[in-house]
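Report on the following structure.
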Amino acid sequence: MRRFLVIGATGVAGGAAIRAVRRFFGEEAEVTGVWYGRPGSVEAVEGVDRLVFGDAAEPQTLEAVAREAGERFDWCFFATAMGEVGFPIREATPEQIAQSNRLSFDPLPRIEQRFEVGTLVAYSTFFTLRHQRITYGAMGHSKHAIEQWAVQPGRSRHLVIRAGAFRSASSQAIKLLVRRRARQLAQAEDPLLRSYFEGTSPAEAVERLERAVLEEERATYGDTGTDAAALEAAHVHLFNGVHGPFVNVCGRRIWESAEPQPLPTE
């Protein structure tokens, strides 16, 4: 019986991982989910055999997983992130980066050391695209850390799903924060970012920026509009066997690559 651990089981990426496990391995797979919430705040997560509540950044949460599900997993999916967004990646302060890494990156090496995991999967995005560079803030540094981790040797095999823009709690957070900072962004140093907010309403500016992200993805990678089905397909691609550490998905297009993305400095 194959055993799976999904950190962030209630999110879009975590849900895609769970559905892909059931699709590929069937009901015989044992799936443990972890969610940053209070016990009783959700009754069940479809496809999960057990749900552990807690902050993955806290040692007691990992100990709870060990007590309830054991210490060996064939696959672990680290699908949780939280950090300040809505401004250029290069403008993130050390304090903002450290706070973003606390939940978005730092638990990864701890999970690898605490448990016996065959393959450990994390998530990134195309943060070097021009429209991502001007909005991904501190989270861009956490995703860069994940990509650097992916090419380092470890106790587990390291893989990363690098996904195009999709609707999630993180994307909604970016949207809300950008709208709240609209007046400030209309005076931003970055000329591209400023161009979306000068002389227009916050709602219209954010809508134009969202369209621009999708247009840039299509122009660069040949497709856009990544959704839950595409994310699920990317996970199935992992299960079928991969060579490089990165599985990219943008719209319906899925491909592998070997090199991490550089941290944007402009």
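The values are calculated or read from the model by the stated rules, or taken from the named source; none is laboratory data. As the structure is a prediction and not an experimental result, all values here were calculated from the model. Cβ: placed from backbone, ideal geometry, glycine included. Neighbour counts: every protein chain shown. We work out accessible area using only protein heavy atoms, side chains counted, and drop any ligands, DNA or RNA first. Shrake-Rupley method; radii C 1.70, N 1.55, O 1.52, S 1.80 Å.
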Yes or no: A165 part of a loop (DSSP other than H, G, I, E, B), surrounded by 14 or more Cβ atoms within 10 Å (Cβ to Cβ) and in contact (Cβ under 8 Å) with a residue 24 or more places away in the chain?
-> yes
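Being modelled with pLDDT of 95 or more and open to solvent by 70 Å² or more (accessible area, probe 1.4 Å) narrows it down to one of P94, P109, so name that one.
One residue alone meets the criteria, P94.
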Report whether or not L238 is within 18 Å of the chain's Cα centre (by Cα) and under 20 Å from F77 (Cβ atoms).
-> yes
Is it the case that some residue within segment 18-25 is within 26 Å of K175 (Cβ to Cβ) and open to solvent by less than 60 Å² (accessible area, probe 1.4 Å)?
-> yes
Please enumerate the residues belonging to segment 188-237 that are within 28 Å of V249 (Cα to Cα), without any contact (Cβ under 8 Å) to a residue 24 or more places away in the chain and hydroxyl-bearing (S, T, Y).
-> Y196
What helices (runs of 4 or more DSSP H) completely inside segment 42-155 contain at least 2 residues that are over 30 Å from G26 (Cα atoms)?
-> 59-69, 94-104, 130-133, 137-150
G244 fails exactly one of the following numbered conditions: (1) part of a loop (DSSP other than H, G, I, E, B); (2) out of contact with any Lys or Arg (no Cβ under 9 Å at 6 or more places or on another chain); (3) farther than 21 Å from I89 by Cα; (4) open to solvent by 30 Å² or more (accessible area, probe 1.4 Å). What is the number of that condition?
-> (4)
State which residue is modelled with the lowest pLDDT when the search covers only segment 3-41 and only residues that are touching a helix residue (DSSP H, G or I) at 6+ places or on another chain (Cβ under 7 Å), hydrophobic (A, V, I, L, M, F, W, C) and part of a helix (DSSP H, G or I).
-> V12
